[in-house]
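Working notes, beginning with the structure itself.
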Amino acid sequence: MKKTLLGLLVFGFTVALSRPSAATVWIEIGDAGLLPGTAQDIDSPDPLDSILGNLGDGGLDSIFDIDMFRIHIFDPLVFSATTIGSPFNVSDPQLFLFGDDGRGIYMNDDDESGLNGSQSLLPAGHPLSPISAGFYYLAIGWFDNEPFGAGGRIFEDLIGVAGPDFLAGGFDPVLSWDNNVSGRIDLPTAYQIDLSGAGVAAPAPEPGTLLLLGVGLIGAARAARRRNG
Ligand SMILES: [Ca+2]
Ligand SMILES: [Ca+2]
Ligand SMILES: [Ca+2]
C-alpha cells in the first residue's frame, strides 16, 4: 500500500510539474476576416500547434478569401508558421505575418528550399523573423493575392521569404488586398497551418496547488486503504 501511495504521489507531482501540453488546435469559427478589424482572435491557453480553416467559405467573392488570425507569439526566437506537411492543403497558399499595428513583418509564397512545392513557410530564426513577444496577425490566402497599404504594396515582390517594401507600402498598416488570384481552381479548400512559438504559455502551477494535490492524493490513498480493509 505504501508503494501505491508513493506511486500516486510521484504520478501526481510529475503531472503537475511537467504540464504535458496536449496538442492545441484552433479551428476557424465561421470565416475569419481579411483585415485586422475582422481578424479572428485566437486566445489559446497553451502553445498553439495548428490552425485549421477553410479558404473560399466567404460567399460570392470567396475566390478572394483571406483568413487573418490574431495570434500571440510568446517565443519569437522559435516562431514559425507553415502549411508544409499537413494533411489538408490549399494548392498554392501564401502566408503573411503582420505586427499588432497591421504593418508587414514577413511573408512567403513558396518555401525556398524547393522541396515543398507551392507550400509556404514563415521560418524561425530568419533575419526577418519577429523580434519581440506580443500579438501579431497571421494571414493565409491564395497566390497571388497581396496586401496593400496606403503607399502601395506592403511586401517586396521576391521569390522566397519577403519583407516589407519600404519604397511602397512597407510602412503602412494593411488596408486591402489586390485580389489577383487568376487561375485558382481549388475552391473551397481546407488548410492547416502548423505553428511554433505561438499561443499563450501556460503558467507554472502555484506551490499551493501542488500541496493541495498532494493532500488530496494522500486522502484518496487512505480512503482506498480503508475500503480495501
Ligand atoms: Ca475562411
Ligand atoms: Ca476569410
Ligand atoms: Ca505558394
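The values are calculated or read from the model by the stated rules, or taken from the named source; none is laboratory data. Predicted model only: the values in this text are computed from it and were never measured. For neighbour counting, all protein chains shown are included, and Cβ atoms are generated from backbone atoms with ideal geometry for every residue, glycine included. Note: areas computed on protein heavy atoms with side chains; ligands, DNA, RNA excluded. Shrake-Rupley method; radii C 1.70, N 1.55, O 1.52, S 1.80 Å.
Using a simple spin-label model with points 7 Å from Cα along the Cα→Cβ vector, what separation in nm is obtained for Asp157 and Ser50?
3.6
Take Asp43, project a point 7 Å from its Cα along the Cβ direction, then tell me which residues of region 98-120 have their backbone nitrogen under 20 Å from it.
100-101
What FRET efficiency would be calculated for the residue pair Asn179, Ala133, taking the C-beta separation as r and a Förster radius of 30 Å, to the nearest 0.05?
On the way: r = 33 Å, r/R0 = 1.10.
With a Förster radius of 30 Å, E is 0.35.
Using a 1.4 Å probe and ignoring any ligands, DNA or RNA, find the accessible area of Trp26 and quote it in Å² to the nearest 10.
Surface open to solvent at Trp26 totals about 50 Å².
Along the Cα-to-Cβ line of His126, 7 Å from the Cα, sits a label point; which residues in region 73-89 have backbone N less than 12 Å from it?
79-83
Within a Cβ distance under 13 Å of Leu167, other residues only, what is the Lys/Arg minus Asp/Glu net charge?
Details: positive: Arg153; negative: Glu156, Asp157, Asp165, Asp172.
Net charge in that neighbourhood comes out at -3.
May I ask you to derive the FRET efficiency for Ser118 and Leu77 from their Cβ-Cβ distance with R0 = 30 Å, giving the value to the nearest 0.05? Let's see the in-between values first.
Numbers: r = 28 Å, r/R0 = 0.92.
Once the sixth-power term is evaluated, E becomes 0.60.
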